[in-house]
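Only one structure is covered here, and it is reproduced in the block below.
The values are calculated or read from the model by the stated rules, or taken from the named source; none is laboratory data. Because the structure is predicted, anything quoted here is derived from the model rather than measured. All Cβ positions, glycine included, derive from the backbone under ideal geometry; neighbour counts span all protein chains shown. Keep in mind that these areas ignore ligands, DNA and RNA; they rest on the heavy atoms of the full protein, side chains included. Shrake-Rupley method; radii C 1.70, N 1.55, O 1.52, S 1.80 Å.
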Amino acid sequence: MSSKVTHVLLPLLIFPTLAALAYHYIVGHTDASGWGDKLKIQCLEDPANPYAGSYTGIAHVDTVLCILVSVFHASFTPVSLPFTMWFLTSAPPITAYLYLEAYRKNTPFPISFPIIPGVLMQTVTFGATFPTYWLLSILTGVTSRRASGGNSQVNRAHAEAVAFGVFIGMFIPTISMLILHDPTVTAIWQFFPFYASIAMAAHLFVRPAHKSQDSGFTIIVFLYIASFIISSSMHLAVVSSRFHDFELLKSFFVPSTSQLDLSLADDYHALHLLQWDAIFGFSATILGTLWFARSTPQFFGLLLWHIVAVPVFGPGAAIAGVALWRENYLHSDNSTPKSASLKK
């Protein structure tokens, strides 16, 4: 197929369709079932609601936070907590990719501010946001980067900042939320993209990027391998504990295609929402990584990797593996001085 078909027409067909389907199944089902209205009424009118606290002192923001906290705390029951943990431990490779991509030289505007998809992921949902992110990545040529004398590399200071930011801004708040189950902590967690960005900025203030002349490849390898281990460990634990019962395994990953009845407990509605959110967010990312291929054999190699790795290691680990493969290619050209080629 021609370049215009593969890099323009095909993405314009696939990713907006995914975004529309994500909105239908995530937001549409929540609204049609009446669960969204139920949460909103509880947050606005129920004085006994434990999640209706004054988190920021701004009424509208506190209402939104109350709804988000209600959703997550509904997912902290035995019915839905295993999936919530699986979902959240699969996300670090994607967060790392967002920020690493932003630090490359000549990154186009839509991709150079990862705080934007980060905030949208928390408000509009992961599943509805990432089809658009990958569409923009493909249309702007980000996924088609080539190793070019270091221009596509990430320097060591930026790589260290991303690793630090993911750990401080995402890993610690997420672990705190999953352990404490405290409404305030859960509300604080909603802003993790800001914490990650602030932590990275603080790291770069202490260790400015313009003073770093070394490649960040080693740090990035460590980051993706650590993400692979965390994601795959949780996935293998989930699959191995349910492998004896196919229906049980299927119900863990595959939600109902119909909206749920409002009479069902909140944890079933939360699980339904998060399952669809994960399906569309991870599917968009997996499809987007296919555009990393620079030849037909590489395309089929990436496709085969995902076909094998997603069910065996989980989508987070599969994405980490592809991102690491691409990083190795982008850091493979050392023909120009690092000090001159790495992004300042």
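Evaluate E = 1/(1 + (r/R0)^6) for Ile225 and Ile172, where r is the Cβ-Cβ distance and R0 equals 25 Å; express this FRET efficiency to the nearest 0.05. Given R0 = 25 Å and the Cβ-Cβ separation, E is 0.80.
Note on Tyr55: accessible area approximately 60 square angstrom, rounded to 10, probe 1.4 Å, nucleic acids and ligands left out. If I compute mean projected area of the Cα convex hull in nm² from the structure I just sent, which labelled value in [x] 16.7; [y] 18.0; [z] 21.2 lines up? Label of the calculated value: [y]. Taking 0.36 nm per residue of separation and subtracting the current Cα-Cα distance, fully stretching the chain between Phe191 and Ile58 would add 46.3 nm. For region 3-333, the fraction of 1.4 Å probe accessible surface lying on carbon and sulfur atoms is 70 percent.
With 0.36 nm allotted per residue and the present C-alpha distance subtracted, the Phe299-Leu44 stretch has 86.8 nm of extension available.
Taking 0.36 nm per residue of separation and subtracting the Cα-Cα distance, full extension of the segment from Asp182 to Trp325 would add 47.6 nm. With helices as the sole contributors, the chain gives -20500 deg cm²/dmol at 222 nm; each DSSP H run of n ≥ 4 counts as -39500 (n - 2.57), and the sum is divided by every residue. Each Cα pair under 8 Å and six or more residues apart adds its separation to the average, and for the chain the resulting relative contact order is 30 percent. What the chain shows is 45 Å² of accessible area per residue, with the surface traced by a 1.4 Å probe over protein heavy atoms.
Rounded to the nearest 20 debye, the dipole size of the chain about its Cα centre is 1700 debye, using +1 on the Cβ of Lys and Arg and -1 on the Cβ of Asp and Glu.
When the charge dipole of the chain is built from unit charges on Cβ atoms (+1 for Lys and Arg, -1 for Asp and Glu) and taken about the Cα centre, the candidate among Phe252, Thr125, Pro110 whose Cα reaches farthest toward its positive end is Pro110.
Note on Tyr51: accessible area is roughly 60 Å² with a 1.4 Å probe, heavy atoms of protein only.
Within the full protein context, the accessible area of Lys250 is estimated at about 90 Å² for a probe radius of 1.4 Å.
Within the chain, count lysine pairs with alpha carbon atoms under 25 angstrom apart where the residues are 8 or more positions apart or belong to different chains.
8
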